[in-house]
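Below you'll find the structure, written out as structure tokens, and then a few comments.
Any read-out appearing in this document is the output of simple, stated calculations on the displayed coordinates, not a laboratory observation. Fair warning: this is a prediction, and the values are worked out from it, not measured in the lab. Note that each Cβ is placed from the backbone with ideal geometry, even for glycine, and that neighbours are counted across all protein chains shown.
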Amino acid sequence: MTFDARAAKLLKPGEHITVTDAPGLRLTAGKTRRSWIYRFKSPQTGLMKQVAVGQWPAMSYAAAVAAWEVLRDQRGDGQAVVSPVKVKAKAARPQAPGRGDTVADIVQMYITEHVEKRRKPKGQEEMKRLFRNHVTPKFGAMRVSDVKRADAYDLISVLEETPVQARMLKQELGAAWDLAIESGRVPEETPNHWRQIFKGRLRSKGKVRQGKQVTAKRVLSDEEVGKLLRWLPNFSRQVADVLQLYLWTAMRGSEICALRGEWVVEEADGWWVTVPVEMIKIEGHDAAYDHRVPLIGRALEIVLRRKDEKGDGWLFPRVRKAERHLPMPQKSIATQVWTKQPYANHPSELHRAKLPVTEWAPHDLRRTTRTQLSKLGCPRDVAEAVIGHMPSGIVGVYDRHSYDKERREWLAVISAHYEALAASAAP
């Protein structure tokens, strides 16, 4: 198609339309905005990449095509493809160093130039809440250069009883100060006290369960995995399906809950689900790419069954009829697991069967599969590719192998291992 404004308005989050007259150009829908995206195969690495072109309808179809032509020519000439959104943002920054910026000014710049561009709506709201509740009331009117080390220490020490929140705020303020110094908004010699205080002292105390402090990251044993698999029918089919996909694919919960039928395709070597890069946790990374997951065993049965039922839409829509146009929130799965734990005093669950495997959350199943891969002898690089982690450092720069064949082989091993555990678990 060329472009249909009416179709663009009707796009639901996660959907997109392509522009046949401009190969690689597409309009994608997020929760709050619709963006022009240029997807292309990098001539250097051979991998699919994408850059933001602009927001629709602020950028018209004609303007998007004009920008696409520039980006296409950059790629064709072997140049680095630079997003016009980044170019515009850089040009809008003040060129001369400023010395009168307040903390509120710098926080707002950090939110606009970093948080809103790289975080999902939930993460954006959490950052804004932290700044609004703890920073702006006390320091908002102060000049950045006037904030002393004692001021920074006092702010973080107030939150020391909630170390995860304190560490998050400390890190975000450190990043905001870095951005202010880098952009010339404050003097170069301005110290970044947030980077220097409370080093290594803000550690999570864990949760209190049945009077005990629980801090360890959970990995289920073979026996526990077997017990859990046999107990799954006590959950709703939707929750049981999600939990099995955690184990059989090692995908992130946010990716599982947002799966769409249109992402499921049969290829020469079997069935695959491809999660678009804009839907995954590492979407803000410059080298991020679509997360391809081979479907083996129960994962294949679950996904194909749901695709038959739901079509190309959300495979896990919300339960309420009025909200079925939205994907199921990841948190609802964690809540369903918690209510089945013996220590949960949820009124509606008091007289129902309780989980025989305790003190775990859905994300622990992803960690369990990663651990099982290592135990079964899977090479580290393959295991990291299975769970969708990007290689770090120099390896991440030069090793662009997809590991498609290896991922399919090792997920088949995992599938057989879990089926054996389910069959051997004691009644």
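What nm value, rounded to one decimal, do you get for the distance between residue 331 and residue 175 when each label is placed 7 Å out toward the C-beta?
In this crude spin-label approximation the distance works out to 2.0 nm.
Determine the relative contact order of the stretch 5-83: mean sequence separation of Cα pairs under 8 Å and six or more apart, normalised by residue count, in whole percent.
It comes to 20 percent, rounded to a whole number.
Can you give the translational diffusion coefficient of the stretch 103-195 in µm²/s, computed by Stokes-Einstein from the Kirkwood radius over Cα pairs at 4 °C and 1.567 mPa s?
For the chosen part, D equals 97 µm²/s.
Count the lysine pairs in the stretch 103-195 that are 8 or more places apart or on different chains: how many have C-alpha atoms under 16 angstrom apart?
7
Please compare each pair in 31/310; 12/331; 49/340 to a cut-off of 32 Å on the Cα-Cα distance and tell me which ones are over it.
49/340
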